[in-house]
Amino acid sequence: MCNYSATPATRALTPTGGFLGAFSYSLNPYVGCAFGDRGGCPFCYVRALPVARVGMGPWGTWVIAKSNLLELLARELGGLEESGKLARAAVFMSSATDPYQGMERRMRLTRGALELFVRRPPRRLLLQTRSPMIERDLDLLVRLGPCLIASITVETDDERVRRALTPTSPSIARRLLTARRLRAAGVFVQLAVAPMMPNHPEHLADLAKGAADRVVIDTYFDGDGAGGRRSRALGMGELYERLGYEGWFRPGVERDLMAAMRARLGKARVLFSREGFNAL
Ligand code: SF4
């Protein structure tokens, strides 16, 4: 059972850097995550960051909506436009949670933000989600045109793996259907195999071919911002051992999938880790 609340924020756009160095700002309409009311995704390193301590209870059991997000964002986008910075700005939405939390159905903060971006488009907006709810906003995604990258998380092609590691996330088939629907409507779709979980490389590559304009693959060792230390500290090595996936928790394990993806989509459309996420 998830605890939902709303509170005002002090800003909408947060200057970013580090892993997302090519982006100017991140935008998180929500704090906390309800994808996994059994404790969230086990690899989610946000649970170990200070932001995870602002809610009541463990990560994965609460979500706080930023009640004044749209007012703040309208003002901040106006300021960026006036100063001439908007046309150079790249926004990552969202870096610390999924922008399509269940409470988005009634709060409509992500939709409201997209409406503001339609009026004042930045150079690039990357919308990162694992939720088919993104389809609700297809009209706005289409209007955002080439400014938008819709990035859909698909960590594996194997439903047994998905159920073992992220049981409350949408099924792989449903997420791929969303990707195909967006792409059919003309939206640029990125599949984020991040973090890559145990998979069948040839099959996953076949699935990606029809669903993605490009693919970014990332691993526990390259994508946690600490060379795998964060993932180890979260117990991913032990969890993989318990599940019988121990061979999948090691550096370089992405090579077969990279090769299979590149054979199907071409080298230019298959990117890796930090460089891939920052390809604007
Ligand atoms: S959906 Fe994203 S933010 Fe939520 S628990 Fe999983 S990895 Fe963390």
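Some values worked out for this structure:
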item: Sites excluded, trypsin sites (Lys or Arg not before Pro) in DSSP loops with at most 15 other C-beta within 10 Å, longest stretch of the chain; result: 124-280
item: Residues whose placed amide H lies under 5 Å from that of Phe188, excluding near-sequence neighbours; result: Ala150
item: The chain - percent relative contact order, Cα under 8 Å, separation 6 or more; result: 16
item: The range 226-269-the range 18-58 distance, computed between alpha-carbon centres (Å); result: 21
item: Most mobile of Ala150, Ala205, Ala184 in a GNM of the chain (Cα contacts under 10 Å); result: Ala184
item: Most to least accessible of Ser83, Ser169 (protein chains only, probe 1.4 Å); result: Ser83, Ser169
item: With Cα atoms, 0 to 90° folded angle of helix 109-119 axis to the chain main axis; result: 60
item: Estimated dipole of the range 148-280 in Debye, rounded to 20 [Cβ of Lys and Arg +1, of Asp and Glu -1, Cα centre]; result: 400
item: For the range 108-159, diffusion coefficient by Stokes-Einstein and Kirkwood Rh (Cα), 20 °C, 1.002 mPa s, µm²/s; result: 182
item: Linear extension gain, Glu71 paired with Glu275, 0.36 nm per residue minus alpha-carbon span; result: 70.1 nm
item: Max mean-square fluctuation residue, GNM over the chain, Cα-Cα springs under 10 Å, options Val31, Val154, Val54; result: Val54
item: Label-point gap, in nm, between Thr14 and Arg105 - each point 7 angstrom along Cα→Cβ; result: 2.7
item: Karplus-derived HN-Hα couplings along the range 20-32 (A = 6.51, B = -1.76, C = 1.60, θ = phi - 60°), whole Hz, x at Gly and Pro; result: 9, x, 7, 8, 7, 9, 10, 9, 10, x, 10, 10, x
item: Percent of alpha-carbon pairs separated by more than 37 Å within the chain; result: 8
item: Space enclosed by the convex hull of the alpha-carbon atoms of the range 81-197, per residue, Å³; result: 101
item: Residue among Gly252, Ala185, Tyr220 farthest towards the positive dipole end of the range 179-280, charges placed on Cβ; result: Ala185
item: Estimated dipole of the chain in Debye, rounded to 20 [Cβ of Lys and Arg +1, of Asp and Glu -1, Cα centre]; result: 440
item: Evaluated over the range 1-135, the Cα radius of gyration and Dmax, each in Å; result: 14.5, 45
item: Residue order for Asp224, Asp213 - accessible surface, 1.4 angstrom probe, largest first; result: Asp213, Asp224
item: Relative intensity, log₁₀ I(q)/I(0), of the range 1-46 from a Debye sum that treats every alpha carbon as a point, q = 0.19, 0.32 Å⁻¹; result: -0.82, -1.12
item: Amide H within-cut-off set for Phe272, under 5 Å, with H built and near neighbours excluded; result: Ile217
item: Computed lengthening from Val46 to Ala22, 0.36 nm per intervening residue step minus Cα-Cα distance; result: 6.6 nm
item: Unpaired by the 4.7 Å Cβ criterion, cysteines found in the chain; result: Cys2, Cys33, Cys147
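The values are calculated or read from the model by the stated rules, or taken from the named source; none is laboratory data. Keep in mind it's a predicted model, so treat the numbers as computed, not measured. Reconstructed Cβ throughout: ideal geometry from the backbone, glycine too, with neighbour counts over all protein chains shown. Quick note on the areas: whole protein, heavy atoms, side chains included, nothing else; ligands and nucleic acids left out. Shrake-Rupley method; radii C 1.70, N 1.55, O 1.52, S 1.80 Å.
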